[in-house]
Amino acid sequence: MSAGELLDTEDSIKIHDQEAAAYDRQVKEYEWHGHDVIFGMCHEYMQAGDRLLDLGIGTGLASLPFAGVGVEIYGIDGSAEMLKICRTKNMAKELRQFDLRNTPFPYTDHLFDHIICCGVLHFFGELKPIFAETARIIKPGGLFTYIIVSPVEGDEDYSSRMVGGGIVFMHKREYIAKLLRDCRFEKLKELTMMSKTGAADVPELRYGVYVTRRCSE
Ligand SMILES: C[S@@+](CC[C@H](N)C(=O)[O-])C[C@H]1O[C@@H](n2cnc3c(N)ncnc32)[C@H](O)[C@@H]1O
């Protein structure tokens with residue numbers, strides 16, 4: 001990863017620190033429903049009491065519906081301000097501030113029944129360390145469900161774009177498929193959806209939603 005990419009990823013924490021207070025209101029205004037999509041696509045595999053880690057939990061929007069059906073929520077995020085708002089919702093068993101560019105993640109092997117990651121992975125130029133750490137800390141048979149920006153036709157020429165002042169990496173499906181294979185996740189469901197971004201320069205983006213399962217050792 002180049003120094004430029006590292007700097008940009010650092011900015012994605014700063015940007016969220018600055019936007020934290022307005023975040024929940026803004027996503028409602030521009031009609032982002034990624035968190036509902038994640039819950040709708042994977043709750044059938046989960047039970048009350050399961051331990052779920054939300055990577056880049058932010059203010060907790062993606063975890064909230066799981067907490068509502070008795071799933072135990074653990075959250076990790078680089079932004080102290082996003083976590084502050086998440087804490088007021090009083091639904092997580094544990095919240096940690098941690099920059100996900102660093103490895104290892106601060107959890108023991110096979111700790112979580114499931115891991116979700118909603119709208120976060122496209123802030124990273126290199127995803128292999130995140131997928132490898134996710135594979136380490138999830139239980140065999142556990143679900144890893146995530147939403148990531150997916151390039152549309154015409155995007156072939158770039159690997160990243162500026163969106164609303166922040167960088168978004170356009171990871172190709174083939175790259176994601178290889179990561180899943182290398183880290184021993186099998187795909188259960190995949191959905192492509194368009195959604196508004198709230199940014200004037202790029203008003204809409206395409207997203208891929210993946211429900212995957214960690215293969216047994
Ligand atoms: C678009 S928000 C999504 C928040 C939440 N998952 C949701 O569904 O509403 C992206 C989140 O990723 C976090 N993030 C971005 N880069 C990060 C990094 N390097 N380490 C940890 N968290 C990061 C931001 O702080 C922010 O909370």
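Below, the figures for the structure above:
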item: Antiparallel bridge percentage (DSSP; both residues within the range 3-214; nearest 5); result: 55 percent
item: Prolate/oblate/rounded call for the range 38-120, Cα gyration tensor, a/c under 1.5 rounded; result: oblate
item: Point-to-point label distance, LYS28-ASP11, nm (Cα→Cβ direction, 7 Å offset); result: 3.0 nm
item: Net charge, LYS89 excluded, C-beta distance under 13 Å - Lys, Arg +1, Asp, Glu -1; result: +1
item: Relative contact order computed over the chain (Cα-Cα under 8 Å; 6+ residues apart), in percent; result: 20 percent
item: Whichever lysines have a C-alpha closer than 20 Å to that of LYS128, once near sequence neighbours (fewer than 8 apart) are set aside; result: LYS139, LYS172, LYS178, LYS187
item: Where labels lie 7 Å past Cα in the beta-carbon direction, separation of ALA177 and THR103 in nm; result: 2.3 nm
item: Which of MET194, MET170 has the fewest Cβ neighbours within 10 Å, and the rest in rising order; result: MET194, MET170
item: Ranked list, fewest to most other Cβ atoms within 10 Å of each Cβ, for ASP113, ASP11; result: ASP11, ASP113
item: Vicinal HN-Hα couplings computed from phi for the range 164-171 (Karplus, 6.51 cos²θ - 1.76 cosθ + 1.60; Hz; Gly/Pro x); result: x, x, x, 8, 10, 8, 9, 6
item: Gaussian network model of the chain, springs between alpha carbon atoms under 10 Å - residue of THR197, THR134, THR145 with greatest fluctuation; result: THR197
item: Sparse-neighbour loop sites [GluC sites (Glu not before Pro); the range 2-102; at most 14 other C-beta within 10 Å; DSSP]; result: GLU31
item: Size of charge dipole - the range 3-214 - debye, nearest 20, with Cβ of Lys, Arg +1 and Asp, Glu -1, no other charges; result: 680 debye
item: Translational diffusion of the chain, µm² s⁻¹ [Kirkwood Rh, Cα pairs; Stokes-Einstein; 10 °C; 1.306 mPa s]; result: 92 µm²/s
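Coordinate-derived values only; no laboratory data. The shown structure was predicted, so the numbers you read here are calculated from the model rather than taken from an experiment. So basically every Cβ, Gly included, is an ideal-geometry build from the backbone, and we count neighbours across all protein chains shown.
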